[in-house]
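Shown next, in C-alpha cells, is the structure this report addresses.
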Amino acid sequence: MAKIDFNDNSAVVIIGSGAGGGTLANELCQKGIKVILLEAGKHHSIADFVNDEWPSFSQLAWLDKRTTSGDWRVAKDFPNLPAWICKTVGGTTTHWAGASLRIQDHEFRAETHYGKIDDANLIDWPLTLKDLEPYYAKAEDKMGVTRTNGIPGLPGNNNFKVMHAGAKKLGYKEVHTGRMAINSRPRNGRAACQQIGFCFQGCKSGAKWSTLYTEIPAAEATGNLELRSESHVLQVKHDAEGSVSGVLYADKDGNQQLQKARIVCVAGNSIESPRLLLNSASTMYPDGLANSSGQVGRNYMRHTTGSVYATFEKPVYMYRGTTMAGIIADENQHDTSRGFAGGYEMETLSLGLPFMAAFLDPGASGKKFSDALEDYDHMAGMWIVGEDMPQEKNRVTLHTTEKDQHGQPVPNVHFDDHKNDIAMRNHAYKQGTLVYEAAGAKTVWETPPYPSTHNLGTNRMSTKASDGVCNGFGQTHDIKNLFISDGSQFTTGAAENPTLTIVTLAIRQADYIAEQMGKKNI
Amino acid sequence: MKNEHLNRREFLCNTGKTLASVAVASSGAVTLIFPATGWSAQLAVFNEHESKTLLRMTREMFPHDKIEDKFYAVVVTALDTDASGNTDTAKQLKDGVANLDKLAQGDWQALSANKRGAVLKQIETTAFFNSVKSKCVTGIYNNKELWDHFGYEGSSAEHGGYINRGFDDLDWLPNPPESDSPKAH
C-alpha cells in the first residue's frame, strides 16, 4: 500500500469507500494515479461478518446521529434512523442485496417523457443510456452480474417460488431470478453463492460483489492506493482561487488531520455527501461548496418503496437463500394508465425474525401482529422499488443545534411523499397482494418503507449549472477539481436499484478525471 | 450472571419511541429462576405486583399461547435493568403500572381479558406503553431460545448456508422453469 504525505498535493482524495468511491479508487489506481481513500468506518473482513441481524447492524450500519422531518412514516417510527446504510470499509456494498439493473433509456430523460408534474423538480439527465452503455458493460463484467457476460442466473429459493407462481398466475411475463452481482458459479477469485441468506449482514462466502474484497484490494495491489479507515472527513478545504486543496478529517484517535489533494471526490452517500459540502462553507462559499445553484442537499430521493408480506397454509422458510432472489419486471415501464408517472420493480425480500418484528408494522402490537409472526416460517415477501419524484423541499440540511461526536452539525433529512409516489406505492401494494393471493395467501401485510437504503439525488447532475450541482461526469459546476462520485449525483431516481449505475458512473468518471489530469485542466 | 440483553445504542436512546432504540439486544439467555417464587424478588426496582402486572401486559401485547411465561419474564427483567440505571425510566414504568390499576379502578390483572384489553387500548399512545412495546420487540423476537418456536434457523454460514439444506425445498407450488430459475451450478 502507498504511503502519501499529508503535504503531498499530487494525489486524488476520495471520501467514502463504497460502490462509488471504492470503484473510482481502483479505476484511478489502475491508470497509475495516486489515491488516498478515506473511510469513516472500520476495516472489517469477511471473517468479522455475523449472521445475526442486530449485532450485524451494530457492526456495519451508519449510526452517527441524524434527525428527520416530513410526512414519511420513517420520521415517526425511526426518527434518528432515516437511512439503513453503512459506515465500514466497502460502505453499503457490504449490505446491499446485489440487484444490478440498468436504468432504462426513457428514465434518463424523465422530464421529456413524463412532462411537467406539479411539485416535482424534474429535469433530464445530462447523459443518455447510449453514453453509459459501454460503461454498464464494464461494470457488469467487473461485478459479475448474472444473466450478463454468459453468467447463468442464480437458482431461485422458496421465497422466489412463491412469487413466481403468483406472478405467472396473474399473467406477468418477466419473472426470473434477476440480474445479480452474486456469483452463480466461481468467478474472478470469488466463490459461488452458498444460499446463506444473510446478504444484508455482509456476505460470508464473498459471492456477492463488494468493494471491500474486490476493488479495494485490487487498487492496493497497484501500489497507488493508501486506504485510511476510521478517517471521518469534516470539511473540504479550498485555496484563495476557489479550487479545492485538501480535506480536514478526524482520524481514529479523534485527532484532526489536514490532507492536501489535487482533486477531491465526494462519495459518502446522499446524506453525508451534501452534509460535507454544506459543512465546508467558507467566506468565499458561504452556502457551502459547489452550491451556487442552491441545490446541494435538495431533491433527496429514496425510491418509492414498501413491502408486501403474506402468510400461507404451508411452510416457506423465505429467509433461506439469497435475500433478493428474484424479480417481477413487468411494472417498470412508464404507463400513465396506472395513474402515475414512472414505474417500479417487485423483488423478493426476506428479513430474519428479529428484523421482521421491528419492521413488519413498526409500532404495532396485539394479536394480529403476533399471529403474523407466529406464522413467520410460512411467510413470503417482496420489496417494491419505484421511481420517486425529485422535490426541492425534500432535502438534507444541517441541524441548527445538534452536533456529532466531532462537533459538526448533524444532518436532518426531510421527506414528504409526492402524490405520484403515493399513487405508485398503492398500485404496487395492490399488485403485490394480487401476486400472493394468486399463490394462495392466507393474510397479506402492506409493510411501510424501511429506513432508506437507496439514497439519491442530493448533489444532482444537470446540464445547466443553475439546475444542479455537477455535470454529466460528476464534476461540480462551480469547482472543477471537486467531484461527486456516489448516488447523490443521480438526476432522477429511476425504478432500478442504483448500485450498478453508481459503479458505471464511477468507471466513466475515472476516464474523465484521467483525461482532464492529462490535459492539465485539473 | 447479570442479564445483558439491553446494551442500548446511545444514538437512538433519546427518542424513547423508536423500536430501533433497542438496536442491540443479545440473545437474552434465560437464566432466570422462573416460575419459582423467587423471580420478582430478584428484581432491583419492581415489586411483586409491578413485575406481575408487567408480565401480564407483555403477554397481552404480544400474545403467543405456546410461549411460556419465563420468556416474557425476560422482557420484564430487562425493563427492571433499565429502571435500575435510570430514575426517570423507573418512574415512568412504576407510574405506568399504577395508572393501569387506576384506569381499572382496582387491580388491572383481575379484570376480564376484554376489559384488560380495553384499558391497554386507552394507554397505547403513552410513553410507558411504547417503552414496554419496544422492549418486547427485541426481548421476545431476538431471543435465540425462541427462534425454534417461530421456525427461524438463525446463523447459517457455519452450516454451509442452505445450498444443500433446503433453500428450494418448497414442494406445494409448481417449480419455475429453468429459464426463470436455473439449476444451481
Please find, within the range A:449-503, the residue that is surrounded by the fewest Cβ atoms within 10 Å (Cβ to Cβ) out of those that are basic (Lys, Arg) and over 23 Å from A:Leu398 (Cα atoms).
-> A:Lys464
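Yes/no matrix, rows are residues, columns are (1) surrounded by fewer than 18 Cβ atoms within 10 Å (Cβ to Cβ); (2) more than 18 Å from B:Pro63 (Cα to Cα); (3) facing chain A (nearest Cβ under 9 Å):
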| position | (1), (2), (3) |
| --- | --- |
| B:Arg116 | no, no, no |
| B:Lys121 | yes, no, no |
| B:Glu124 | yes, no, yes |
| B:Cys136 | no, no, yes |
| B:Tyr141 | no, no, yes |
| B:Gly151 | yes, no, yes |
Which one of these does B:His185 not meet: (1) at pLDDT below 95; (2) in a helix (DSSP H, G or I)?
-> (2)
With respect to A:Glu272, determine if the residue is of a type outside the set (Lys, Arg) and surrounded by fewer than 24 Cβ atoms within 10 Å (Cβ to Cβ).
-> no
Of all residues in the range A:333-381, which are among the acidic types (Asp, Glu) and facing another protein chain (nearest Cβ under 10 Å)?
-> A:Asp371, A:Glu374, A:Asp375, A:Asp377
Kindly check whether there is at least one residue in the range A:22-35 that is buried (at least 21 other Cβ atoms within 10 Å of the Cβ) and either free of Cβ contacts under 8 Å to residues at least 40 places away in the same chain or among the charged types (D, E, K, R) (or both).
-> yes
Within the range A:387-401, identify whether any single residue is on the phi < 0 side of the Ramachandran plot and within 14 Å of chain B (Cβ to nearest Cβ), and answer yes or no.
-> yes
Show the residue pairs that are 6+ apart or on different chains and have beta-carbon atoms under 7 Å apart, the first residue being within the range A:467-491 and without any contact (Cβ under 8 Å) to a residue 60 or more places away in the chain and under 23 Å from A:Ala120 (Cβ atoms), the second being surrounded by 24 or more Cβ atoms within 10 Å (Cβ to Cβ) and of a type in the set (Lys, Arg).
-> A:Gln489/A:Arg460
Take the range A:388-414 and flag every residue that is in a strand (DSSP E or B) and touching a residue at least 40 places away in the same chain (Cβ under 8 Å).
-> A:Arg395, A:Val396, A:Thr397, A:Leu398, A:His399, A:Glu402, A:Pro409, A:Val410, A:Pro411, A:Asn412, A:Val413, A:His414
Return a yes/no flag: does the range A:144-162 have any residue that is within 30 Å of A:Asp416 (Cα to Cα), away from chain B (no Cβ under 14 Å), touching a residue at least 60 places away in the same chain (Cβ under 8 Å) and of a type in the set (Val, Ile, Thr).
-> no
When B:Glu145 is run through (1) without any contact (Cβ under 8 Å) to a residue 40 or more places away in the chain; (2) more than 10 Å from every other protein chain (Cβ to nearest Cβ), the failure sits at (1)
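Would you be able to say whether some residue in the range B:163-173 is in a helix (DSSP H, G or I) and in contact with a Lys or Arg (Cβ under 9 Å, 6 or more places away or on another chain)?
First, the residues of the range B:163-173 that are in a helix (DSSP H, G or I): none.
Looking for residues that are in a helix (DSSP H, G or I) and in contact with a Lys or Arg (Cβ under 9 Å, 6 or more places away or on another chain), one finds none in the range B:163-173, hence no.
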If you take the residues in the range A:163-173 that are in contact with a strand residue (DSSP E or B) (Cβ under 7 Å, 6 or more places away or on another chain) and not aliphatic (A, V, I, L, M), which one is farthest from the other protein chains (Cβ to nearest Cβ)?
-> A:Tyr172
Got a number for residues in the range A:78-106 being touching a residue at least 40 places away in the same chain (Cβ under 8 Å) and assigned to a loop (DSSP other than H, G, I, E, B)?
-> 18
Test for B:Ser112: is it more than 26 Å from A:Asn158 (Cα to Cα), at pLDDT 95 or above and either surrounded by fewer than 16 Cβ atoms within 10 Å (Cβ to Cβ) or within 7 Å of chain A (Cβ to nearest Cβ) (or both) = yes
The condition from (1) under 21 Å from the mean Cα position of the chain (by Cα); (2) surrounded by 19 or more Cβ atoms within 10 Å (Cβ to Cβ); (3) of a type in the set (S, T, N, Q); (4) at the interface with chain A (Cβ under 9 Å from one of its Cβ atoms) that B:Ser131 misses is numbered (4)
Please indicate, with yes or no, whether at least one residue in the range A:326-342 is over 21 Å from the mean Cα position of the chain (by Cα), outside any strand (DSSP E or B), aromatic (Phe, Trp, Tyr) and surrounded by 19 or more Cβ atoms within 10 Å (Cβ to Cβ).
-> yes
What are the residues in the range A:288-325 that are within 12 Å of chain B (Cβ to nearest Cβ) and crowded, with 24+ Cβ neighbours inside 10 Å, if any?
-> A:Val316, A:Tyr317, A:Met318, A:Tyr319, A:Arg320, A:Gly321, A:Thr322, A:Thr323, A:Ala325
For the range A:354-368 the number of residues that are out of contact with any Leu (no Cβ under 7 Å at 6 or more places or on another chain) and free of Cβ contacts under 8 Å to residues at least 24 places away in the same chain is 5
Can you tell me which residue among A:Gly189, A:Gly223 is without any contact (Cβ under 8 Å) to a residue 24 or more places away in the chain, away from chain B (no Cβ under 14 Å) and more than 19 Å from the chain's Cα centre (by Cα)?
-> A:Gly189
Out of curiosity, is B:Glu60 modelled with pLDDT of 95 or more, over 25 Å from B:Asp148 (Cα atoms), among the acidic types (Asp, Glu) and touching a Lys or Arg at 6+ places or on another chain (Cβ under 7 Å)?
-> no
Cβ pairs under 8 Å, 6+ apart or interchain, first in the range B:164-185 and at the interface with another protein chain (Cβ under 7 Å from one of its Cβ atoms), second at pLDDT 95 or above and surrounded by fewer than 14 Cβ atoms within 10 Å (Cβ to Cβ), ordered by first then second residue, are B:Leu170/A:Lys314; B:Trp172/A:Lys314
Go through the range A:160-194 and count every residue that is over 13 Å from B:Pro177 (Cα atoms) and in contact with a Pro (Cβ under 8 Å, 6 or more places away or on another chain).
-> 3
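The values are calculated or read from the model by the stated rules, or taken from the named source; none is laboratory data. Since the model is a prediction, treat every value here as computed from it, not as a measurement. Positions of Cβ are backbone-derived with ideal geometry, glycine not excepted, and every protein chain shown enters the neighbour counts.
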